[in-house]
1. What translational diffusion coefficient, in µm²/s and rounded to a whole number, does the Stokes-Einstein relation yield for the chain at 25 °C and a viscosity of 0.890 mPa s, taking the hydrodynamic radius as the Kirkwood radius over Cα pairs?
2. Among the lysines, which have Cα under 26 Å from the Cα of Lys304 when same-chain residues fewer than 8 positions away are ignored?
3. For the stretch 210-225, in order, what is each residue's ³J(HN,Hα) by Karplus, 6.51 cos²θ - 1.76 cosθ + 1.60 with θ = phi - 60°, in whole Hz (x at glycine and Pro)?
4. So how exposed is Asp10, as accessible area in Å² (1.4 Å probe, rounded to 10)?
5. At most 16 other Cβ atoms within 10 Å and a DSSP loop assignment: could you name the chymotrypsin sites (Phe, Trp or Tyr not before Pro) in the stretch 259-337 that fit?
6. By average Cβ neighbour count within 10 Å, what is the ranking of 43-52, 241-250, 121-130 from highest down?
7. Based on the mean of other Cβ atoms within 10 Å per residue, sort peptides 91-101, 31-41, 340-350, 65-75 so the most packed one is first.
8. Tally Lys/Arg at +1 and Asp/Glu at -1 over every other residue whose Cβ is under 9 Å from the Cβ of Val30; what's the total?
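The values are calculated or read from the model by the stated rules, or taken from the named source; none is laboratory data. What you see is a predicted model; the values in this text were computed from it and never measured. Cβ: placed from backbone, ideal geometry, glycine included. Neighbour counts: every protein chain shown. Accessible surface areas use protein heavy atoms only, side chains included; no ligands, DNA or RNA. Shrake-Rupley method; radii C 1.70, N 1.55, O 1.52, S 1.80 Å.
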Amino acid sequence: MYCVKQITGDMLWVGADDRRLAFFEGVYAVPDGVSYNSYLILDEQTVLFDTVDKAAEAQFFENLRYGLGGRPLDYLVISHMEPDHAATVEGLLLRHPETRVVCNDKIRVMLARYFATDFSERLLIVAEGDTLCTGRHNFTFVMAPMVHWPEVMMTYDAADKILFSADAFGSFGALNGRIFADEVDFMHEYIDEARRYYTNIVGKYGPQVQAVLNKAAALDIAYICPLHSFVWRQGFGDFIAKYAQWSSYTPEQSGVMIAYASVYGHTENAANILAAKLSDRGVKVKMHDTSVIPASYIVADAFKYSHLVFAATTYNMGVFVTMENLLHDIAAHALRNRKIALIENGSWAPVAGKLMRQILEPLKDMTFIGAPLLVPSALKQPQLEELEALADALAADVLA
Ligand code: FEO
């Protein structure tokens, strides 16, 4: 049975929630599910904005059939070819031979790569600033390269002031019956998952996001319709401000995130003592055990906090594996502009500190506070004094 939501007088959400997906993109846990958003406009001509993941195609086709009410589907606008939105394009076009595909030239190339049919005779290729009138609606196409794929395209509808923003302004988390962000306490209940989504999916491409934010600033926007999570129709200034912070790699929170990798608890002991000393000095602290917490959550907090401490034991003459994976993940997401301190452990040939620094050093605008603090096996009095000094240095910087 169909399950649709009314967005405006002539626009329906015809997407679907997915709560069975264990790992989005095969790597990001989504314990609260995810939505694949598809929007149907019933103008003089009908227009569908994007499709859904294969996993949700049965619900999607049911919704679309209901939404069209027997009308033909005149246009499918493809904003992004990642299969969580485009896997169902081929099935849709085979069911609807009347539909023309509105896309840019990069999407044309990808269509031919993903599907057995390239649909070349059905394509309407658009470029930056091109328009499409479907009756009351007048759509303008806005390219958004590398947010977060090269072919990404947003669409602006001048009639109802709608920005179809592709993956931008999306979040992890199923909709659970709601559709508008103002139906929930988004900035308290959903912002952490929105940050985890942004930083892990789009975080590497901050300059490209800034370019799109500048384009969007020139538009009169009443609705933001992303490909995941809620539609925004009011009060989105705070969320756009978060995007401005995240994409410029500006810390949201003055404080220290401590991530540690500990085999027998001694490195964890050092991390806990440092956290206690920082708290005594009035510094906000967030801690993560890299062997327990999936990297996507720690990457999100690394984007959030101003100061980062990484503490790891030496293992196989390298950095302990969960910390090594985390640091490569942070480097792959091109985090910049953070203050960093390192703690290493090693019972006979400690190298973790040097190797952790080698991973992080190439990132832009990173400042290291002191040399790696060495814990040779278990903590002794000299390390307590060094942790005291590290806490002083971090607190002075955080609270400056
Ligand atoms: Fe939600 Fe990049 O696809």
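1. 108 µm²/s
2. Lys204, Lys215, Lys242, Lys277, Lys284, Lys286, Lys339, Lys354, Lys364
3. Values per residue, Gly and Pro as x: 4, 4, 5, 4, 5, 5, 5, 4, 7, 9, 8, 10, 10, 9, 10, 10 Hz.
4. Accessible area of Asp10: about 20 Å².
5. Of the chymotrypsin sites (Phe, Trp or Tyr not before Pro), the ones in loops of the stretch 259-337 whose Cβ has at most 16 other Cβ atoms within 10 Å are Tyr264.
6. 43-52, 241-250, 121-130
7. 31-41, 340-350, 91-101, 65-75
8. Combined, the nearby Lys, Arg, Asp and Glu give -2.
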